[in-house]
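Colleague: One structure follows; several queries about it will come next.
The values are calculated or read from the model by the stated rules, or taken from the named source; none is laboratory data. Fair warning: this is a prediction, and the values are worked out from it, not measured in the lab. Note: ideal-geometry Cβ built from the backbone for every residue, glycine included; neighbour counts use all protein chains shown.
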Amino acid sequence: MALIKKMSATQAQRHRTHLPDSADDPRGPHFALHAQGLGNERAYDIITSELLLDGSARLNLATFVTTWMPAFAEKLMAETADKNMIDKDEYPQTANLEARCVNIISHLWSSPESDAATGCSTTGSSEAVMLGALALKWRWRERMRAAGKPTDRPNLVTGANVQVCWEKFCRYWDVEPRLVPVEGDRLHLNGEEAVKRCDENTIAVAAVLGSTFDGSYEPVKQIAAALDKLEADTGLDIPMHVDAASGGFVAPFIQPQLEWDFRIKRVQSINASGHKYGLVYPGVGWAIWRDSAALPKDLIFDVNYLGGHMPTFALNFSRPGSEVIAQYFMFASLGFEGYRRAHRRSSDVAQYLASEVAKIGPYELVSDGSELPVFAFKLKPDVTNYTVFDVSERMRERGWQVPAYTFPANREDLAVMRIVVRAGMSHDMADFLLDDLRERTEQLEKLPAPLAQIEHERAFAH
Ligand SMILES: Cc1ncc(COP(=O)(O)O)c(C=O)c1O
């Protein structure tokens, strides 16, 4: 199975006909190892040159993932690149920093046990979601077994706007996904729709803070209240997990009054990506449980072959320790006020950009950057000569990566562009982006006919 993009036929032919076996060949290996290596300097040169073809990370407005860290963080990461997170016996101090991070994050999320919190680092939110959802599946199964009921049909309720990791969880762990479609102007889950899909086989309702599609926060408190009512009416007690991949490191700093975390009793576990608004390069994530009772003991493995007894709950075994160390560095370096300032700035830039985009003319905001520093916008219905995909392509010519995509069921008709503002995106950069967007929009507005038709006729003329 080819999981990576294949080479073009010409490229493949060129490399097959001449498999270099000497250090004189200037190319890097594509299919098989060269008999002789190229040496450090040449290999470095070749690879760094080739990587120039990648987009610029700082101009990538598609990703939620950190693309800027301070020089001291980069130095520390380079100095700790050889540490394996799993070797807790060999690197007890790294393990200690991980435990401190778990406590700090639990505290940010109002955990009742934040001095000896239950949680772990992961490779990102996807792994953290798997762990959180697995714990919920285990607990549901225990409840069902205790009640003498069948355990073969678990389901999970989420909005159709969830990130793909939730669909992966359901497929990999044999859980029926009950995805609530988005409808009209409701572009994420709400309590009323969630409750309609719940039954005794529901392992949990997962709410997202905030939605990958438009940066909006799902109403965690309202969903929990609807589940409280369901329990009062029927006796069904459905727990919640909050996928706070991005919002987990934003809301505590700039929307501290918003109740979305362990302040809500129904919330049993929360995940976030340290490598998103936690301000660390990829890949580090966090899974935190409300308390030790929320994490079934039989999911925790105790390994002794590294020396000492170490409890682990993870999908991977070995993984880099440097990202966890970098997370602790950012906590220590910025403190609460530093995070608040960084995210306040991103939020201001996002809201400024959104309001300026709305003034250009053909665009309408779908969200305005006031929840996550992320906003989505669409074309007004009277724009028929070009699409958001055309705008996205033209922005790419200048190096800006602004993705265009459609919403999930039932709003596949809604095509948007999305801008994610992260640390490192200054007001100046925002103005450059706006200038480029205005200029390209003006060109597209001058089209005398639909762009697709013009391109079709041009192809025929040739
Ligand atoms: C809401 C949400 N959940 C989960 C993920 C997956 O996160 P990660 O890339 O850290 O695995 C993302 C990524 O964008 C996300 O936005």
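Colleague: Say we look at segment 108-128 and pick out the residues that are within 16 Å of the ligand (Cβ to nearest atom) and closer than 17 Å to Met240 by Cβ; which of these is surrounded by the most Cβ atoms within 10 Å (Cβ to Cβ)?
Modeller: First, pick out the residues of segment 108-128 that are within 16 Å of the ligand (Cβ to nearest atom): 109, 119-128.
Those left that are additionally closer than 17 Å to Met240 by Cβ: 109, 119, 125, 128.
Values: Trp109: 25, Gly119: 28, Ser125: 28, Ala128: 33.
Checking each candidate, the answer is Ala128.
A quick yes/no check of all residues on (1) surrounded by 12 or more Cβ atoms within 10 Å (Cβ to Cβ); (2) more than 29 Å from the chain's Cα centre (by Cα); (3) over 30 Å from Arg340 (Cβ atoms):
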| residue | (1), (2), (3) |
| --- | --- |
| Gln401 | yes, no, no |
| Thr406 | yes, no, yes |
| Asp436 | yes, no, yes |
| Gln453 | yes, yes, yes |
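Colleague: Okay, moving on. For the list (1) under 28 Å from Ile203 (Cα atoms); (2) part of a helix (DSSP H, G or I), I need the number of the one condition that Phe262 fails.
Modeller: Every listed condition holds for Phe262 apart from (2).
Colleague: Within segment 51-71, can you find the residues that are surrounded by 11 or more Cβ atoms within 10 Å (Cβ to Cβ) and in a helix (DSSP H, G or I)? Quick ask: steps written out before the conclusion?
Modeller: Just the residues of segment 51-71 that are surrounded by 11 or more Cβ atoms within 10 Å (Cβ to Cβ), to begin with: 55-70.
Selection gives Ala57, Arg58, Leu59.
Colleague: Being assigned by TED's automatic domain parsing to the domain that holds Lys137, within 16 Å of the ligand (Cβ to nearest atom) and either of a type outside the set (S, T, N, Q) or modelled with pLDDT under 95 (or both) narrows it down to one residue among Lys221, Lys168; which is it? So that I can check it myself, show each step before the final result.
Modeller: On the way: Lys221 fails: within 16 Å of the ligand (Cβ to nearest atom).
After ruling out the rest, the residue left standing is Lys168.
Colleague: Follow-up question, since we're still on this one. Whether any residue in segment 196-218 is in contact with a helix residue (DSSP H, G or I) (Cβ under 6 Å, 6 or more places away or on another chain), farther than 17 Å from Val129 by Cα and more than 15 Å from the ligand (Cβ to nearest atom) is what I want to check.
Modeller: Within segment 196-218 (the criterion being in contact with a helix residue (DSSP H, G or I) (Cβ under 6 Å, 6 or more places away or on another chain), farther than 17 Å from Val129 by Cα and more than 15 Å from the ligand (Cβ to nearest atom)), the answer is no, since none of the residues qualifies.
Colleague: Of the numbered conditions (1) at pLDDT below 95; (2) surrounded by fewer than 14 Cβ atoms within 10 Å (Cβ to Cβ), Ser355 fails exactly one; give the number of that condition.
Modeller: Among (1) at pLDDT below 95; (2) surrounded by fewer than 14 Cβ atoms within 10 Å (Cβ to Cβ), Ser355 violates only (1).
Colleague: State which residue pairs qualify: first residue closer than 16 Å to Pro252 by Cα and inside segment 341-368, second residue outside any helix (DSSP H, G or I) and polar (S, T, N, Q) in any location, beta carbons under 9 Å apart, and separation of 6 or more residues or different chains.
Modeller: Once the first residue is closer than 16 Å to Pro252 by Cα and sits in segment 341-368, its partners that are outside any helix (DSSP H, G or I) and polar (S, T, N, Q) give Arg345/Ser426; Ser347/Ser370.
Colleague: Something else about it: Which residue is farthest from the ligand (Cβ to nearest atom), if the candidates are limited to segment 22-73 and must be closer than 29 Å to His275 by Cα and among the acidic types (Asp, Glu)? Please lay out each step first, then the result.
Modeller: At the first step, the residues of segment 22-73 found to be closer than 29 Å to His275 by Cα are 43-73.
Narrowing the set further to residues that are among the acidic types (Asp, Glu) leaves 45, 50, 54.
Values: Asp45: 31, Glu50: 25, Asp54: 18 Å.
Step by step, filter segment 22-73, then rank; the result is Asp45.
Colleague: How about segment 168-195: which of its residues are part of a helix (DSSP H, G or I) and either touching a residue at least 12 places away in the same chain (Cβ under 8 Å) or surrounded by 20 or more Cβ atoms within 10 Å (Cβ to Cβ) (or both)?
Modeller: In the first step, residues of segment 168-195 are kept if they are part of a helix (DSSP H, G or I); the result is 168-172, 191-195.
Once the filter is applied, which keeps residues that are part of a helix (DSSP H, G or I) and either touching a residue at least 12 places away in the same chain (Cβ under 8 Å) or surrounded by 20 or more Cβ atoms within 10 Å (Cβ to Cβ) (or both), segment 168-195 yields Lys168, Phe169, Cys170, Tyr172, Gly191, Glu192, Glu193, Ala194, Val195.
Colleague: Based on this model, can you work out whether Ala326 counts as within 16 Å of the ligand (Cβ to nearest atom), modelled with pLDDT of 95 or more and either surrounded by fewer than 15 Cβ atoms within 10 Å (Cβ to Cβ) or part of a strand (DSSP E or B) (or both)?
Modeller: Working: within 16 Å of the ligand (Cβ to nearest atom): yes; modelled with pLDDT of 95 or more: yes; either surrounded by fewer than 15 Cβ atoms within 10 Å (Cβ to Cβ) or part of a strand (DSSP E or B) (or both): no.
Criteria not met by Ala326.
Colleague: Now, a different point. For segment 266-300, which residues satisfy the criterion of being within 15 Å of the ligand (Cβ to nearest atom), in contact with a His (Cβ under 8 Å, 6 or more places away or on another chain) and of a type in the set (Val, Ile, Thr)?
Modeller: Step one: filter segment 266-300 for residues within 15 Å of the ligand (Cβ to nearest atom), giving 269-288.
Next, from what is left, pick out any that are in contact with a His (Cβ under 8 Å, 6 or more places away or on another chain): 269-271, 277, 281-285.
Hits for segment 266-300 are Ile270, Val284.
Colleague: Does Leu131 count as assigned by TED's automatic domain parsing to the domain that holds Val242, surrounded by 14 or more Cβ atoms within 10 Å (Cβ to Cβ), more than 15 Å from the ligand (Cβ to nearest atom) and part of a helix (DSSP H, G or I)?
Modeller: Values: assigned by TED's automatic domain parsing to the domain that holds Val242: yes; surrounded by 14 or more Cβ atoms within 10 Å (Cβ to Cβ): yes; more than 15 Å from the ligand (Cβ to nearest atom): no; part of a helix (DSSP H, G or I): yes.
For Leu131, the condition - assigned by TED's automatic domain parsing to the domain that holds Val242, surrounded by 14 or more Cβ atoms within 10 Å (Cβ to Cβ), more than 15 Å from the ligand (Cβ to nearest atom) and part of a helix (DSSP H, G or I) - is not met.
Colleague: Which of the residues spanning segment 118-128 are more than 16 Å from the chain's Cα centre (by Cα) and either under 15 Å from Val267 (Cα atoms) or part of a helix (DSSP H, G or I) (or both)?
Modeller: Looking only at segment 118-128, we keep the residues that are more than 16 Å from the chain's Cα centre (by Cα), and these are 118-120.
Within segment 118-128, Thr118, Gly119 meet the criteria.
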